[in-house]
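No value in this document is a laboratory result; all are computed from the given coordinates. What you are looking at is a predicted structure, and each value in this text was computed from that prediction instead of being measured. Every residue, glycine among them, receives a Cβ derived from its backbone with ideal geometry; neighbour counts consider all protein chains shown.
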């Protein structure tokens, strides 16, 4: 197996992107190859860890500070109440 | 395409056209649609709240200033992430950011706060060419094609950096991964 192909397979396995049959074949191959087994298991655990890692929190304080800086630079921000005509399509009331 | 995604995409197109027409409401709506995603992305590249706020603000300012270049063809997300990324890279290059402790701002349980901070610290130690694909693909869940567009590289190059980045991050986290499981 070429190094490039090996990387590709392990990486797809880590991201759970391999089709079921290929995944089983790779797992079978890993039974007799401890290095491959280590790479597969540890990288899949890492991807799972990253995907389940909590997002940085975007607080209202941060939002307000960003908005204040934008307004200080002359950016005009408008609220929903002043929606222009072309954005106010309404469906007829049903019933 | 799921209904919600389709609706978001249509709404985004409407606001992009409105922004190109000079509608001041459009910028506010696009800000609301993307502020959190851009903040999260810049936070993960820069590692602290103050720099992430500055980079987010500058990103949106540039969006407004360059709104004449906008095309409502679905590439807006790539474009805005690219602006944010370039700003972060400039910032990292120019200031060699002071090593502030990663903000412990997580409002969840102590374990989840520890997890986020540990991952963030390990990410911060990675070279930017590895950190970027990890943040876009594994943390922001962006499709490979789109992440490659943001980074202006081919999909195979992205995949290669992602693989090396994952290995480097795994090695950095070392035994911590066991404890965090």
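Label zone (residue B:82, point 7 Å along Cα-to-C-beta; backbone nitrogen cut-off 11 Å) within region B:152-169: B:152-153.
The stretch between residue B:36 and residue B:157 holds 40.8 nm of extra length on full extension. This uses 0.36 nm per residue minus the Cα-Cα distance. For region A:1-49, the equivalent ellipsoid derived from the Cα gyration tensor has semi-axes of 15, 12, 11 Å, listed largest first. Considering only Cα atoms, the convex hull volume of region B:7-82 works out to 80 Å³ per residue.
Summarising the label geometry, the points placed 7 Å from Cα in the beta-carbon direction at residue B:68 and residue B:13 lie 2.6 nm from one another.
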